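Structure first, commentary second.
The values are calculated or read from the model by the stated rules, or taken from the named source; none is laboratory data. Keep in mind that what you see is a predicted model, and the values were worked out from it rather than measured. Cβ: placed from backbone, ideal geometry, glycine included. Neighbour counts: every protein chain shown. When the accessible area is computed, the model is the full protein with side chains, heavy atoms only, and any ligands, DNA or RNA have been set aside. Shrake-Rupley method; radii C 1.70, N 1.55, O 1.52, S 1.80 Å.
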Amino acid sequence: MTRRRQSHLPLHITALDDSQGNSRHKHGWAVLNSFSYPRYLYIRLLSRLGRKRANFVLAVLFAFVIFVFLSLQSNWDPDRIKNILPFTADSPTLVYRKEDLQRIWAFEIESGHFPSTSSVPEQIGLKGISNPGLPPLPDGEVRGQATRGTGFMRVYPEIQHNNLSIAFPPRPAPGSIADLDVVKQHCDFSSHKLVRDCLEVLRVGAGLDNGNRLRRENLDDWKYIYLEQSRDYSNRPHVGSPSSVQIDSSPETLLKKAGSELESSPIDLPTPSSPLPFSTACDPDYPRIFHMYWTGPFTDKPYMAILSFLYTQKTGLHLYELPKECGPVLWVWINPVSAASTLGPNAVDSMHKELQSNPWASPFLHDRFKDVLQFKLWNTTQQLDAIPELRNEWRKMHTLFNTGGRIVNVPPEDHHKDMGSHPDDVFHRTGSKSSSSYDRLSVILSDMARFVLCHRFGGIYLDADTILLRDWEEVWGWRGGFAYRWSRLPRYNTAVLHMNKGSAIGTFLFRTALKNNLDFHPMTITRYLKDAYLDGLLLQLPDALFDSAWLNTENYQRERPPQPFFKAFQDFFDTPAVSSAAPLAMGFDGFFRGAFSYHYHNFWWKPFDPSRNWPDLGERFSAGEEAARKLVPQPINSDREDLSWSAVLKRTFESYIRGERCNMYGEWLRW
């Protein structure tokens with residue numbers, strides 16, 4: 001005889017009686033006459049799962065409701081949920097002792113890489129250190145944990161053309177430096193600042209509204225660009241001397257990575273060098289190199305990134321002879337094979353032949369661009385061997401492909417041949433041809449490549465889906481490291497990354513990543529730096545500077561959006577009909593004016609200009625244009641239809657190369 005399972009409910013609520021004395025089962029809707037819905041739900045769970053399981057399910061449900069509620073808040077910090085639900089906290093990643101973290105902070109500050117009024121975290125225990133990146137306070141006061149300024153004085157000029165008949169904005173003066181503390185005051189999402197207002201501050205402070213300023217009040221507090229002024233500091237105390245620095249040697253309480261051997265102490269760092277006055281000559285310690293990484297055949301995406309560089313940066317191409325002063329250069333790193341493959345013996349020659357035969361790339365091999373643009377072969381083995389922190393250990397790693405803790409194991413190449421793998425499987429893709437065939441391995445490799453390039457050569461890394469929108473002179477002037485904010489989340493996005501060559505923060509990141517399975521995902525980089533209280537040394541800039549549409553695409557700040565207003569990143573390529581008059585009517589000047597760049601977040605498969613999907617650079621490059629036209633099917637869109645923002649920017653940059661218009665600063669390209 002089968003034994004009937006007893007209900008876990010008390011007898012008095014197993015059934016309900018109606019007014020006629022008829023018993024009705026608890027599952028009927030009459031239960032709602034006596035109990036609230038949460039109570040009813042609890043009863044159902046008790047009857048089906050038992051008390052222990054029901055309580056567990058309710059606890060999980062409660063945690064989920066809290067998570068959803070907090071995630072919908074505009075100022076939500078994911079760290080808050082970890083305080084409420086400790087079991088969701090990430091495991092520690094720290095592999096350094098406190099005294100080495102103090103040495104890292106001291107090295108970066110003494111090198112002038114911390115030109116900020118922000119404080120050194122109390123957990124580091126470093127007080128009163130002299131900072132050559134900051135000017136001295138009038139009274140020599142040390143405020144809280146802030147460093148003591150011993151650097152050059154700052155002058156914040158008014159940036160406008162003296163000649164009011166000039167319609168174009170002036171370029172920043174050589175040696176200009178952006179005060180990123182001021183920028184954050186006007187642009188920080190955590191302080192409820194709007195991207196729209198931030199962009200106005202950025203363009204007014206840089207004089208991009210030259211001759212068109214409509215604000216009538218005093219806007220001196222919007223000045224964020226300064227020049228350094230020399231001063232005699234012969235009597236200042238030596239940076240880091242015992243008389244000026246207080247080091248906390250109390251026992252540390254920082255959480256270390258479990259099961260991992262700590263790094264040997266003291267950390268091996270070079271002797272820091274104090275910053276020098278600005279010079280127009282190139283400084284080998286601070287090269288002005290833009291790095292870009294690309295996998296597979298050259299397309300209109302790196303083509304557009306290069307055109308935007310030529311259109312906005314101070315390359316000197318408007319002069320018949322390039323100026324002697326130091327200007328920016330662009331290094332495009334080409335990986336011609338899939339991320340999981342190795343290069344052949346003739347890889348360099350093959351790369352150049354492919355570039356010469358590719359209509360999107362061949363124009364940039366012209367001699368006119370040789371001093372400002374270089375194509376370089378990416379070789380993973382050579383690059384990792386060139387990093388002292390990695391060269392002796394990276395080969396011991398099980399895989400190089402780890403993103404946010406998700407490890408991709410790559411079979412040996414012989415295994416691919418035996419299995420007869422398809423050339424477009426995940427291990428052989430060279431670029432993303434559609435949203436369904438995304439080249440995930442190349443993205444993971446690029447997460448590491450950007451840190452390798454900046455640590456080895458210095459400079460600024462840019463993702464290839466980046467369009468430069470203005471001169472970066474004052475950004476180069478800021479000597480500290482930086483990336484930018486991951487939209488509403490207080491995490492890093494490294495689509496733009498600046499680190500100094502051979503920096504202490506670079507050494508820390510590589511050694512930490514090595515002990516954490518070589519994970520260079522931006523979210524993991526955030527954990528490395530926060531766990532070590534070093535995040536102040538890689539400044540997290542507001543995304544408005546480089547990614548102005550991101551918050552709008554995630555349904556934030558839509559009540560006062562910037563111009564243009566994108567609800568989705570695809571709007572850049574497929575501008576909605578309701579706003580499709582704007583690109584042609586406003587042109588380049590109406591596209592996130594004030595931002596330093598725009599990041600369109602992938603869409604590698606979407607053409608910039610569907611009706612003219614070829615390089616349109618004039619007679620000088622007609623052979624490549626003709627070859628590209630033959631590969632393009634009949635255009636879907638007529639050229640008489642509205643043009644998207646992507647098409648307008650492409651045609652603007654191309655007309656500059658053709659010599660039909662000047663660049664954004666009124667300079668004409670000289671051939």
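Shown here for segment 516-615: trypsin sites (Lys or Arg not before Pro) in loop regions (DSSP other than H, G, I, E, B) with at most 15 other Cβ atoms within 10 Å, namely ARG558, LYS567. Counting Lys and Arg as +1 and Asp and Glu as -1 over every other residue whose Cβ lies under 12 Å from the Cβ of ALA59, the net charge comes to +2.
With N set to the number of residues, divide the alpha-carbon radius of gyration of segment 370-414 by 2.2 N^0.38 Å and report two decimals. Provide the component values of the computation, followed by the final result.
Details: Rg = 14.5 Å, N = 45, 2.2 N^0.38 = 9.3 Å.
Compactness ratio reported: 1.55.
Which entries of LYS193/LYS650; LYS193/LYS501; LYS223/LYS314; LYS630/LYS650; LYS376/LYS501 show an alpha-carbon separation above 26 angstrom in the structure shown? Beyond 26 Å between Cα atoms: LYS193/LYS650; LYS193/LYS501. Please give me the summed charge of the neighbours of LEU322: other residues whose Cβ is under 15 Å from its Cβ, Lys and Arg +1, Asp and Glu -1. Neighbour charge sum, excluding LEU322 itself: +1. Accessible surface computed residue by residue for segment 453-602, with neighbouring protein chains in place and a 1.4 Å probe, gives 25 Å² per residue. How many percent of the accessible area of segment 539-633 is carbon or sulfur, using a 1.4 Å probe? Carbon plus sulfur share of accessible area: 53 percent.
Tally Lys and Arg at +1 and Asp and Glu at -1 over the other residues with C-beta under 9 Å from the C-beta of ILE247: what net charge comes out?
-1
For segment 428-543, what does the alpha-carbon gyration tensor say about shape, rounded, prolate or oblate, given a ≥ b ≥ c as the root eigenvalues, a/c under 1.5 as rounded, and a/b over b/c as prolate?
oblate
Shape analysis of segment 154-199 places it in the oblate category; the axes a ≥ b ≥ c from the Cα gyration tensor give an a/c of at least 1.5, with a/b not above b/c.
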